[in-house]
Amino acid sequence: MLFGVMLGTGLWVLLATIFNLITDLVGGVRVTVLEEEVRIVSVEADETAL
């Protein structure tokens, strides 16, 4: 069990290091969040359509 924890920790450290090196070379990662306005339109039933 301890070996698995050590292996997992080492793997995550390696992946974080590779990620940081790649983002430094590329110029970083930008995340943009857009908020959309939602409109609810009420449609009333037309009595002549029945």
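Read-outs: derived from the displayed coordinates by stated rules, not from any lab. The structure displayed is predicted, hence computed values, not measured ones. All Cβ positions, even for glycine, are placed from backbone atoms using ideal geometry, and neighbour counts span all protein chains on display.
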Projecting the Cα atoms of Val43, Val33, Thr17 onto the charge dipole of the chain, where Lys and Arg contribute +1 and Asp and Glu -1 at Cβ, the residue farthest towards the positive end is Thr17
About its Cα centre, the chain carries a charge dipole, from +1 on Lys and Arg Cβ atoms and -1 on Asp and Glu Cβ atoms, whose size in debye to the nearest 20 is 660 debye
Computed over the chain: longest principal axis from alpha-carbon atoms vs helix 2-26 long axis, angle to nearest 10 degrees, is 70 degrees
Taking 0.36 nm per residue of separation between Ser42 and Asp24 and subtracting their Cα-Cα distance, the length gained on full extension comes to 1.4 nm
A convex hull over the alpha carbons of segment 1-45 yields, per residue, a volume in Å³ of 144 Å³
